[in-house]
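Encoded as structure tokens, the structure appears first; notes follow it.
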Amino acid sequence: MGLRQVAWRACYELLGARVRQPAWTFMNYGWAPLDATASRLVLDPADEPDRYGVGLYAHVLDGLDLTGADVLEVGSGRGGGASWVARSLGPRTTTGVDLAASAVALSRRDRSGPGLRFVQGDALALPFEDASFDVVLNVESSHCYPSVERFVAEVHRVLRPGGTFAWADFRGADDVAATRAQLRSSGLAPVREDDITAEVLHALRLDDARRAALVRDWIPRLVQPAFRPFAGLDGTRTHDRFTTGATRYLSAQLVRER
């Protein structure tokens, strides 16, 4: 396990163990349409507080029919995304896998949905048979991995022929081209590639007050200054880099050809 992976695993293990509130469901930066007249995502009332976090999943999966599919989310975190997929999009099974044992335990305890399960595992050595899934989903997680190429090779292995890899994450502006090449490195064919920085930044701005309140109420006071950039709050370096374009937020759908 590389140094980066050790550091991220320690961070997420700490969050899973210390921040146990089930209401903290999503950890991504969110997505919101720039056009206020665009059709709104219809959510159950219980999901409404996480509209922007759910919105990122809805964007990444847009155009895919998950009815009856076997879906894998790699880097499932606190389980909110996998639970929403299982409850809302009609898959046969939804499996969330995460490196952090505390996150898996929290998800098993607090998340539910038809055909939903959570397992501990490494994104670079997924604990599943070849050709096990119709869709592999990966949202705001791959920046933690020591080798994106090894991860994508695992995605290719566990996808069935004709299956789709749906991905979203942020990268430095200078790394965009290299990241696109990494996603294609195992022979997956891109069918959609988007830069959604503007929509992610819009979501961060719309959701800033709520996110700031969660950090204030749920994160130990001593580590709040370090956690604010992690949460992408207004005035932090993370938020500023999205604003200036120094960090870009990307999404893609790629297919394992038949």
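Observations
- Members of segment 210-231 found to be touching a residue at least 24 places away in the same chain (Cβ under 8 Å), surrounded by 14 or more Cβ atoms within 10 Å (Cβ to Cβ) and not in a helix (DSSP H, G or I), listed by number: I219
- Segment 210-238, subset of a type outside the set (S, T, Y) and touching a Pro at 6+ places or on another chain (Cβ under 8 Å), residue nearest to A198 (Cα to Cα): R237
- Of the helices (runs of 4 or more DSSP H) entirely within segment 1-96, none holds at least 2 residues that are at pLDDT 95 or above, open to solvent by 70 Å² or more (accessible area, probe 1.4 Å) and farther than 28 Å from T197 by Cβ.
- Within segment 154-181, the set of residues being open to solvent by 40 Å² or more (accessible area, probe 1.4 Å), touching a residue at least 12 places away in the same chain (Cβ under 8 Å) and either part of a strand (DSSP E or B) or within 11 Å of L250 (Cβ to Cβ) (or both) comprises R160, P161, F170, A173.
- Checking each residue in segment 122-160 for being more than 14 Å from E73 (Cβ to Cβ) and aliphatic (A, V, I, L, M) picks out L124, A125, A131, V148, V152, A153.
- Subset of segment 112-130 that is among the charged types (D, E, K, R) and over 16 Å from the mean Cα position of the chain (by Cα) - its residue that is least open to solvent (accessible area, probe 1.4 Å): D130
- Residue check for L201: touching a helix residue (DSSP H, G or I) at 6+ places or on another chain (Cβ under 9 Å), of a type in the set (A, V, I, L, M, F, W, C) and in a helix (DSSP H, G or I): yes
- Contacts under 8 angstrom Cβ, first residue in segment 30-42 being under 20 Å from R248 (Cα atoms), partner at pLDDT below 95 and hydroxyl-bearing (S, T, Y), 6 or more apart: none
- Listed conditions (1) of a type outside the set (V, I, T); (2) in contact with an Asp or Glu (Cβ under 8 Å, 6 or more places away or on another chain); (3) under 26 Å from V158 (Cβ atoms); (4) not in a helix (DSSP H, G or I) are all met by D234, apart from (3).
- The residues of segment 232-258 that are free of Cβ contacts under 8 Å to residues at least 40 places away in the same chain and in contact with a helix residue (DSSP H, G or I) (Cβ under 7 Å, 6 or more places away or on another chain), listed by number, are L233, D234, T236, R237, T238, H239.
- Counted residues, segment 209-233 - those being of a type outside the set (F, W, Y) and under 25 Å from S142 (Cβ atoms): 11
- Residue within segment 194-205 that is farther than 23 Å from P49 by Cα and either free of Cβ contacts under 8 Å to residues at least 40 places away in the same chain or exposed (fewer than 13 other Cβ atoms within 10 Å of the Cβ) (or both) present: no
- Residue in segment 103-111 that is under 20 Å from P49 (Cβ atoms), of a type in the set (V, I, T), open to solvent by less than 20 Å² (accessible area, probe 1.4 Å) and assigned to a helix (DSSP H, G or I) present: no
The values are calculated or read from the model by the stated rules, or taken from the named source; none is laboratory data. Since the structure is predicted, the reported quantities are computational estimates derived from the model, not experimental observations. Methodologically, a virtual Cβ is constructed for each residue, glycine included, from the backbone with ideal geometry; neighbour enumeration extends over all protein chains shown. Keep in mind that these areas ignore ligands, DNA and RNA; they rest on the heavy atoms of the full protein, side chains included. Shrake-Rupley method; radii C 1.70, N 1.55, O 1.52, S 1.80 Å.
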